[in-house]
Amino acid sequence: SISMKRESEMKNMYTEFAGAGTRDTGGGGIDMIGIVKGDITKFRADAIVNAANTGLLGGGGVDGAIHRAAGPELLEECRTLGGCKTGEAKITKGYRLPARFVIHTPGPVWRGGDHGEEELLANSYRSSLTLAAENDCKTIAFPSISTGVYGFPLDRAAAVAVKTICDFLDRDHRLGEVTMVCFDEKTRKAYEDAMASLYRGN
Ligand code: AR6
């Protein structure tokens, strides 16, 4: 967790980088979490994450955009994976994307909130971060998993995402930079607010 001194330092960094927060997570390295608005298919990172479904054979939303931008070879490789359980993750190459890898994770479908949705969503972030670190990625970008077609309430999803990412960066120092790539302003603001309240400690 973050000390008060660190917190004031981070607020400065937060302003300076307009949406990126820097936290000294101990262990010598400075790990970054950033929030930007944009199209994840254009994002240059070692790995981008795909908000997939359990079949891993493509779909709409960000999944469709990633498959279109990567080209048909991505679907070919996905066919060999045998699907993926909710909250778990599988990795492929990025093909025509600027990213070297795509990490595919099916987030939970929102079913009212008492079906373990928050834990399953946290699992999707943790599994993806772990897989990225195991594959020597230093930079990874996430879309807002489950908040489109899967109907997860945006504010709750954002709180789960930033908490899970920060907890991971506290424990594991293999990754250097994690970016939330938000497709619209409403989503960007939800992640900014979630990050700010995590820093404030509420
Ligand atoms: N870059 C970044 N974010 C994007 C992009 C993009 N190019 N396109 C959409 N988003 P969704 P889910 C945002 O529905 O809720 C698919 O059919 C979008 O605005 O893509 O996890 C899969 O195959 C929203 O904020 O994913 C599954 O069947 C976020 O990405 C199902 O949808 C997630 O929306 C998964 O549903």
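Give the residues of region 138-164 that are hydrophobic (A, V, I, L, M, F, W, C) and under 20 Å from Val62 (Cα atoms), sorted by residue number.
Matches in region 138-164: Ile140, Ala141, Phe142, Ile145, Val149, Phe152, Leu154, Ala157, Ala158, Val160, Ala161, Val162.
Select from region 131-143 the residues that are open to solvent by 50 Å² or more (accessible area, probe 1.4 Å) and either within 12 Å of the chain's Cα centre (by Cα) or aromatic (Phe, Trp, Tyr) (or both) and list them in ascending order.
none
Looking at (1) open to solvent by 50 Å² or more (accessible area, probe 1.4 Å); (2) farther than 26 Å from Ala196 by Cβ, which one does Lys37 not meet, given that it meets all the others?
(2)
Does Ala194 count as hydrophobic (A, V, I, L, M, F, W, C), out of contact with any His (no Cβ under 6 Å at 6 or more places or on another chain), surrounded by fewer than 24 Cβ atoms within 10 Å (Cβ to Cβ) and modelled with pLDDT of 95 or more?
So Ala194 fits the description; yes.
So Leu74 passes all but one of these: (1) out of contact with any Ser or Thr (no Cβ under 9 Å at 6 or more places or on another chain); (2) within 14 Å of the ligand (Cβ to nearest atom). Which condition number does it fail?
Only one criterion in (1) out of contact with any Ser or Thr (no Cβ under 9 Å at 6 or more places or on another chain); (2) within 14 Å of the ligand (Cβ to nearest atom) is unmet by Leu74, namely (1).
Looking at region 100-126, which of the residues that are away from the ligand (no atom under 12 Å from the Cβ) and within 25 Å of Gly71 (Cβ to Cβ) is nearest to the chain's Cα centre (by Cα)?
Filtering first and then ranking leaves Ile103.
Having 3 or more residues that are modelled with pLDDT of 95 or more is the bar; report the strands (runs of 3 or more DSSP E) wholly within region 15-94 that clear it.
Qualifying strands (runs of 3 or more DSSP E): 30-37, 47-52, 90-93.
Would region 139-150 turn up any residue that is without any contact (Cβ under 8 Å) to a residue 12 or more places away in the chain and within 15 Å of the ligand (Cβ to nearest atom)?
Taking every residue of region 139-150 in turn, none turns out to be without any contact (Cβ under 8 Å) to a residue 12 or more places away in the chain and within 15 Å of the ligand (Cβ to nearest atom).
Six or more apart or on different chains, Cβ atoms under 6 Å: show the pairs whose first residue is in region 30-58 and under 17 Å from Leu131 (Cα atoms) and whose second is open to solvent by 30 Å² or more (accessible area, probe 1.4 Å) and within 10 Å of the ligand (Cβ to nearest atom).
Matching pairs, first to second residue: Ala51/Val62.
Is it true that Thr92 is in contact (Cβ under 8 Å) with a residue 40 or more places away in the chain, of a type outside the set (A, V, I, L, M, F, W, C) and in contact with a strand residue (DSSP E or B) (Cβ under 9 Å, 6 or more places away or on another chain)?
No.
Does region 37-72 hold any residues that are acidic (Asp, Glu) and closer than 24 Å to Lys138 by Cβ, and which are they?
Asp39, Asp46, listed by residue number.
The values are calculated or read from the model by the stated rules, or taken from the named source; none is laboratory data. All values reported here derive from a predicted model rather than from experimental measurement. Here Cβ is always computed from backbone atoms with ideal geometry, including for glycine, and neighbour counts include all displayed protein chains. When the accessible area is computed, the model is the full protein with side chains, heavy atoms only, and any ligands, DNA or RNA have been set aside. Shrake-Rupley method; radii C 1.70, N 1.55, O 1.52, S 1.80 Å.
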